[in-house]
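S.K.: Before anything else, here's the structure in question.
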Number of protein chains: 2
Amino acid sequence: MLRQLLQTSSKRLPITKTSKLASSPATISFTSRFTSRFMTTSSTTNLKPLDSSKVKIFPKEVKSTPLPNEKLVFGQTFTDHMLCIEYDAAKGWADPVIKPYGPLSLDPSTCVFHYAFELFEGMKAYRSPDNKITMFRPDKNMERMNKSADRICLPTFDNEELIKLIGKLIEQDKHLVPQGQGYSLYIRPTMIGTSEGLGVHTPDKAMIFVICSPVGPYYKTGFKAVRLEATDYACRAWPGGVGDKKLGANYAPCIKPQLEAASRGYQQNLWLFGPNKNITEVGTMNVFFAFKNEETGKKELVTAPLDGTILEGVTRDSILQLAREKLDPKEWDVNERYTSIYEVEEKASKGLLLEAFGAGTAAVVSPIKEIGWKGNDISVPLLPGEQSGPLSKSIAKWIADIQYGKVQKDNWSKVVADLN
Amino acid sequence: MLRQLLQTSSKRLPITKTSKLASSPATISFTSRFTSRFMTTSSTTNLKPLDSSKVKIFPKEVKSTPLPNEKLVFGQTFTDHMLCIEYDAAKGWADPVIKPYGPLSLDPSTCVFHYAFELFEGMKAYRSPDNKITMFRPDKNMERMNKSADRICLPTFDNEELIKLIGKLIEQDKHLVPQGQGYSLYIRPTMIGTSEGLGVHTPDKAMIFVICSPVGPYYKTGFKAVRLEATDYACRAWPGGVGDKKLGANYAPCIKPQLEAASRGYQQNLWLFGPNKNITEVGTMNVFFAFKNEETGKKELVTAPLDGTILEGVTRDSILQLAREKLDPKEWDVNERYTSIYEVEEKASKGLLLEAFGAGTAAVVSPIKEIGWKGNDISVPLLPGEQSGPLSKSIAKWIADIQYGKVQKDNWSKVVADLN
């Protein structure tokens, strides 16, 4: 019921409701705002769609020289250009602009500063062996970005058009896409509400901007398995909330629990939910566990189901698909199901916990070696002398081979620029 | 436990943990960030505190003429000046600046745009009969603002110093504080994280800015009682979340459920929580119910307790204090306790539901006349021919008399400027 109701976009509400609302005894500011919103959306057919062919490019006068690979720090340096597209509820999407990277100038009453009308995506582009630049599954990110936008009443857009525009942005700065295994261009599509004024309502102005940061491998010298603190005193996401969307609102509240965990020597939180202490995510990543069945000896790869509290991770989805294709079904079950910290604790005590890892765009696979829970540390096995288990290692390689163009897989890699 | 843990500020973590963390196998970007944060905070004693005496004032060349009262729209026009105070984790609070109202220029990688490092307050200043300008209980707002900041690892500050600075800001634009019953200056203190870069961590830069909007009465022609939809498919706040703090993160997610309610003819959501369908808040306000006891005939004023999911409203607190002082305890009980939609429904069916109203800074008291629940409307009594019940009306007058200086109450009104 939640999903059904929340997926009915405000923009699709019948216009016949307007007069009813306008005459209902709403508070003045609310009614007038709401009515004007309805009026606007009634003319949806005349709104300009996002159109990549209309892009205006203002190139930077002098191109930057790429930084040496060893100086690349995640999200700290950016390419020469950014993509900006403004939205106005009365007109639709303006012509996209690619221009030199530079500051945004916004009125202090802009709604992004007050009510967190903001969402983002994280995706990467890679150099392939034939010197092309490819993006990894950008359609999945665009799909999720539109779901995020719809959930907080920001405007939606055509997926393919934004992918094309991001391609043009990368084309503009293709000399800054770093080379080498583990290196990539991190792409940050962002949407913010830009309505001015302090009323809390659907933004009538918004902006998509996309910036790009050349990045190195998350683990510069191979995996470093992490220690997690199982966290039940703070809660990242809940039913009827927005934890499955990539909204800014989901991030700031997680820093303090992370610092709490860090003060006790753990790098991240393993988020638990509800009376059963179900495991939902780790830090800002999805999480997987590998178990062995006590009776059958068969192995099982498990991650939490998409029940509205779990981010619909692109890496999560990729891992599930690859695991179902590549793992021998006689040896492995691959399941989206709830698993609790109690189950993990019990399995570990019986030697049936095989592996655990986080999964996300930044690190791809992040092996876990210990989980602090009620004063004890649950040990997760690693390969002798290594910082990951065998499955984590295989999965990371499966994905990297596709990302770096060594292996072709469906339409997962999309060519966006050519360096030849 | 939640409170205890979350109230231990990161800034107070012992520095001895640093070396342990630096040597723990954290992910590289995390460890270096975290260590540098700890390094910075170890020198807390050298950090400059917020100091109102250091304010630099850059007056606007030509002062604005006040708009006629009838043209004032909530949060749409602003006074001539704004207050800005920048924070740097290595230095502390910079000298405050009062300057002409104007846009903020921020790098597109600034953390406020991506991870919702943002919080705000809403407060009002009024003209008193002796032509002074007073703020209503600003100490309560500053207390809450510091709690909000601490919860998302933004810097805290001295309450009194920010009140003095807001006073200086109002002094600068005192000719724009509107006159007349129901008119006031709405004040919006805001704090945003201004660190640049895409890593998710404690911001090492932040900014307080304060803007002011001259506003008219919420109800221009007297009360307009509202219709609410009791909402259990979406959830505003959760234990272990941040629903008791005034963070931007709590607002954007509430728009879509509001539009859903509006599409069915209701102005706002009455937020329910948990299997018991406890009533928590209405829209972005606290909520009160008045019941009659079936056995004793005694009346009861009820609002939800501050359990971590309820905003600690200043109006809520003022109403509770005034009700406890002014209502005859032989006739009335004033209780902070859970009440469910089932209780409200049952009381209404027996004629024991006397009144219901929202409470917040903008409207002060917002009477409720109907509550939609499972396809039926629960009627809330109003005075014959009027848009409020008798208690709502009395409470609104008690508070207005204090706000407009007709009645003195403790230190609730603080003089910040003098027009004589």
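The values are calculated or read from the model by the stated rules, or taken from the named source; none is laboratory data. Computed from a predicted structure; not experimentally measured. Cβ: placed from backbone, ideal geometry, glycine included. Neighbour counts: every protein chain shown.
S.K.: Going through B:K393, B:K406, B:K397 one at a time, which residue ends up being in contact with a Pro (Cβ under 9 Å, 6 or more places away or on another chain) and farther than 22 Å from B:K298 by Cα?
M.R.: B:K406
S.K.: List every residue pair whose Cβ atoms sit under 6 Å apart, with the two residues 6 or more apart in sequence or on different chains, where the first one lies in the range A:193-206 and is on the phi < 0 side of the Ramachandran plot and more than 8 Å from chain B (Cβ to nearest Cβ) and the second, anywhere, is modelled with pLDDT under 95 and surrounded by 21 or more Cβ atoms within 10 Å (Cβ to Cβ).
M.R.: Note: no pairs meet the criteria.
S.K.: A further question on this structure: Pull up the range A:125-168, narrow it to residues that are of a type in the set (V, I, T) and away from chain B (no Cβ under 14 Å), then point me to the one that is surrounded by the fewest Cβ atoms within 10 Å (Cβ to Cβ). First the steps, then the outcome.
M.R.: Here is the first cut: in the range A:125-168, the ones of a type in the set (V, I, T) are A:133-134, A:152, A:156, A:163, A:166.
Within this subset, residues satisfying the condition of being away from chain B (no Cβ under 14 Å) are A:133-134, A:163, A:166.
Values: A:I133: 22, A:T134: 21, A:I163: 19, A:I166: 25.
Across the range A:125-168, the extreme among qualifying residues is A:I163.
S.K.: Taking the range B:53-73 as the region of interest, how many residues are of a type in the set (S, T, Y) and in contact (Cβ under 8 Å) with a residue 60 or more places away in the chain?
M.R.: Within the range B:53-73, residues that are of a type in the set (S, T, Y) and in contact (Cβ under 8 Å) with a residue 60 or more places away in the chain number 1.
S.K.: Which one of B:S53, B:S36 is modelled with pLDDT under 95, among the hydroxyl-bearing types (S, T, Y), outside any strand (DSSP E or B) and out of contact with any Pro (no Cβ under 9 Å at 6 or more places or on another chain)?
M.R.: So the residue among B:S53, B:S36 that is modelled with pLDDT under 95, among the hydroxyl-bearing types (S, T, Y), outside any strand (DSSP E or B) and out of contact with any Pro (no Cβ under 9 Å at 6 or more places or on another chain) is B:S36.
S.K.: For the range A:348-388, give me the residue count where each residue is more than 13 Å from A:L270 (Cβ to Cβ), within 25 Å of the chain's Cα centre (by Cα) and at pLDDT 95 or above.
M.R.: Final tally of qualifying residues: 6.
S.K.: Can you tell me how many residues within the range A:256-314 are more than 14 Å from chain B (Cβ to nearest Cβ), farther than 20 Å from A:L353 by Cα and surrounded by fewer than 23 Cβ atoms within 10 Å (Cβ to Cβ)?
M.R.: So the count comes out to 3.
S.K.: Does any residue of the range A:318-330 turn out to be over 30 Å from A:Q181 (Cα atoms) and either in contact with a strand residue (DSSP E or B) (Cβ under 6 Å, 6 or more places away or on another chain) or hydrophobic (A, V, I, L, M, F, W, C) (or both)?
M.R.: Of the range A:318-330, the ones over 30 Å from A:Q181 (Cα atoms) are A:329-330.
From the residues that got through so far, the ones that are either in contact with a strand residue (DSSP E or B) (Cβ under 6 Å, 6 or more places away or on another chain) or hydrophobic (A, V, I, L, M, F, W, C) (or both) too are none.
Scanning the range A:318-330 turns up no residue that is over 30 Å from A:Q181 (Cα atoms) and either in contact with a strand residue (DSSP E or B) (Cβ under 6 Å, 6 or more places away or on another chain) or hydrophobic (A, V, I, L, M, F, W, C) (or both).
S.K.: Would you tally the residues in the range A:98-126 being without any contact (Cβ under 8 Å) to a residue 60 or more places away in the chain and under 30 Å from B:K245 (Cα atoms)?
M.R.: 4
S.K.: Now for a different question. Just give me the residues in the range A:171-193 being within 19 Å of the chain's Cα centre (by Cα) and among the β-branched types (V, I, T), in sequence order.
M.R.: Hits for the range A:171-193 are A:I187, A:T190, A:I192.
S.K.: Of these, B:S388, B:S394, B:S366, B:S413, which one is surrounded by fewer than 21 Cβ atoms within 10 Å (Cβ to Cβ) and among the hydroxyl-bearing types (S, T, Y)?
M.R.: B:S394
S.K.: Can you tell me which of A:K224, A:K220 is among the basic types (K, R), buried (at least 20 other Cβ atoms within 10 Å of the Cβ), closer than 24 Å to A:K397 by Cα and facing chain B (nearest Cβ under 9 Å)?
M.R.: A:K224
S.K.: Residue under question is B:S43, and the condition is that it be surrounded by fewer than 17 Cβ atoms within 10 Å (Cβ to Cβ), within 11 Å of another protein chain (Cβ to nearest Cβ) and either at pLDDT 50 or above or farther than 19 Å from A:C254 by Cβ (or both); does it hold?
M.R.: Answer is no for this residue.
S.K.: I'd like to check something: does the range A:303-320 contain any residue that is charged (D, E, K, R) and farther than 30 Å from B:L198 by Cα?
M.R.: Among the residues of the range A:303-320, not one is charged (D, E, K, R) and farther than 30 Å from B:L198 by Cα, which makes the answer no.
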